[in-house]
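What follows is a short report on a single structure.
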Amino acid sequence: MGHRPKMSPEEVRSHLLSYIESKKNEQTQLLEDLVKIPSISCTQHEGAAQKLVERSLRGTHGIDLDLWEPRTEDLSAYPLHPIRTGEWTYDGRPNVVGILRGTGGGKSIILNGHIDVVSPEPVKEWKHAPWGSEIVGDKMYGRGTMDMKGGIAAMVYAVRAIAESGIKLRGDVILESMVEEEYGGGGTVAAVVKGYKADAAIICEATSSNSIGIASGGSRFFRVKIYGKPEWPHLAHYGVNAIGLASKVYEALLELDRERGLRLRGKHPMLESLRAGDMRGPGRPTNMTIGVMRAGDWPATVAGWAEIEGRVGFPPSESGHDVQREVEQAVRRAAEGDPWMLEHPPEVEWWGARREAFELDPSSPVVQTLKKNVDSLVGPCELYGTSSASDAAYIAPKVGAYGGIPTVSYGPGGGGAHTFDEYVNLQEVTDVTKVLASTIIDWCGRDDAL
Ligand SMILES: [Zn+2]
């Protein structure tokens, strides 16, 4: 039994922090390599990027790996799974989970991140190549740097730092690098269905190194199908134009959005803070976006059909089910005011990701543990909410037998996510890594008998 002198908690922490500091270049290299892979959601490049995460974890003593390609049959076990049609496949796009097992008796934690990114188009608008990982000063540019390969690099090195420093934890750490977040969250749903759960979860999405997300809006995607009566030109006056009908439905949806905005205003200060330009919702805890309108087949035929597609967001006081009913009622009201639609009612379909909203109490233990470490390692910590959704929606809200895990978002910040010249602040990557590692020790507990 080789006895080393036991380290005090302060010594352990300072050892860990200097270890992370010493691995800065290596960590930046991993981030650079990840960003150079164009892992746009639902492409095979997701798999290529996952290989790098796998490789970075594989060599680390004490980390067990679980890699699997989700199957759509498995996803359907989740009550609100992202609805997929046709031959959807995860071939070549595995989830990667790394597990650092505790010695027992401590609380467990999930660190979750997504490897996929959104399209960089239009690329010609970028001043820095989207797949170039170009570093200027403290910023690394490229699609996915902020959202959220910076977060992936932080969580990988936080866990590696603990494992490689020989620190034994009491509780388990589950590191999840997931596919397909941007396109609905099938990766995380697959991990939830597979049984991965813990006493708390941190989604390492870009909040900035001194702010923690504790509330998030829910969302539903809808499609309204509107039916008119096509006619050819000389009988056009006998036709019923679906474009005109669709505009009535559109007005009714806008009216619902206005009414919801007024009704819910003031009820969710976390989601309404008036800070535009970042993740906070400027003055509104709910928004409806109408993003797609299609109609008709041919200029010389009265449009016989139309479709409107949109997304409705909602705050934690509402359930997705109730919000769906409100949208359906608004469409019905529009139809009832039109003699043709009364007889030929539009249909509302729900498709894609179905995410519930959630809000965590600021006094919740995981918030307090993380906040304490942000305060001491980075600076005064801010708690906030966002009406945008992330994979937290499949971990935090209780949905059927799943979820109900206290979940926060915390990761390195930057700018330009989902637009041009995305970047992450490299200092924040380091700071977040330190905060995560230190939080894990506090949360899971250190087994100092070893
Ligand atoms: Zn993201």
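The values are calculated or read from the model by the stated rules, or taken from the named source; none is laboratory data. Here the structure is a predicted model, which means the values were calculated and not measured. Ideal geometry is used to build each Cβ from the backbone, glycine not excepted, and the neighbour counts take in all protein chains shown.
Structure notes:
- Filtering the range 396-429 to residues that are hydrophobic (A, V, I, L, M, F, W, C) and either at positive phi or away from the ligand (no atom under 14 Å from the Cβ) (or both) leaves Ala396, Val399, Ala401, Ile405, Val408, Phe420, Leu426, Val429.
- Consider the range 379-395 and keep the residues that are away from the ligand (no atom under 15 Å from the Cβ) and small (Gly, Ala, Ser). The one that is modelled with the highest pLDDT is Gly379.
- Of the numbered criteria (1) small (Gly, Ala, Ser); (2) within 16 Å of the ligand (Cβ to nearest atom); (3) at positive phi, the one Ser133 fails is (2).
- Put simply, of Asp91, Asp33 the only residue that is modelled with pLDDT of 90 or more, part of a helix (DSSP H, G or I) and charged (D, E, K, R) is Asp33.
- Of the listed requirements (1) assigned by TED's automatic domain parsing to the domain that holds Leu426; (2) without any contact (Cβ under 8 Å) to a residue 60 or more places away in the chain; (3) touching a Lys or Arg at 6+ places or on another chain (Cβ under 6 Å), Gly195 misses just one: (3).
- Test result for Glu176, touching a residue at least 40 places away in the same chain (Cβ under 8 Å), within 13 Å of the ligand (Cβ to nearest atom) and not small (Gly, Ala, Ser): no
- Answer residue from the range 186-206, given it is of a type in the set (Val, Ile, Thr) and more than 16 Å from the ligand (Cβ to nearest atom) and is surrounded by the most Cβ atoms within 10 Å (Cβ to Cβ) among those: Val192
- Look at (1) in contact with a helix residue (DSSP H, G or I) (Cβ under 9 Å, 6 or more places away or on another chain); (2) modelled with pLDDT of 95 or more and you find that Gly218 fails only one, number (2).
- Qualifying residue in the range 222-243 (condition: modelled with pLDDT of 95 or more, under 20 Å from the mean Cα position of the chain (by Cα) and surrounded by 13 or more Cβ atoms within 10 Å (Cβ to Cβ)): yes
- If you go through the range 207-218 and keep only what is surrounded by 24 or more Cβ atoms within 10 Å (Cβ to Cβ), more than 15 Å from the ligand (Cβ to nearest atom) and assigned to a loop (DSSP other than H, G, I, E, B), you end up with just Ser209.
Let's see how each residue does on (1) touching a Lys or Arg at 6+ places or on another chain (Cβ under 7 Å); (2) buried (at least 23 other Cβ atoms within 10 Å of the Cβ):
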{"site": "Ser317", "(1), (2)": "yes, no"}
{"site": "His321", "(1), (2)": "no, no"}
{"site": "Glu328", "(1), (2)": "no, no"}
{"site": "Ala334", "(1), (2)": "yes, yes"}
{"site": "Pro380", "(1), (2)": "no, no"}
{"site": "Ser387", "(1), (2)": "no, yes"}
{"site": "Pro397", "(1), (2)": "no, yes"}
{"site": "Ala401", "(1), (2)": "no, no"}
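- Any hit, the range 73-87, residues being out of contact with any Pro (no Cβ under 9 Å at 6 or more places or on another chain) and closer than 30 Å to Lys168 by Cβ: no
- Filtered residue count, the range 305-324, keeping only those that are within 27 Å of Ile243 (Cβ to Cβ) and free of Cβ contacts under 8 Å to residues at least 24 places away in the same chain: 0
- Complete set of residues in the range 302-315 that are under 30 Å from Pro233 (Cα atoms) and surrounded by fewer than 22 Cβ atoms within 10 Å (Cβ to Cβ): Gly304, Trp305, Glu307, Glu309
- Qualifying residues in the range 424-450 (those that are outside any helix (DSSP H, G or I) and surrounded by fewer than 23 Cβ atoms within 10 Å (Cβ to Cβ)) - the one modelled with the highest pLDDT: Gly445
- The number of residues in the range 174-223 being under 22 Å from Ser119 (Cβ atoms) and of a type in the set (Ser, Thr, Tyr) comes to 4.
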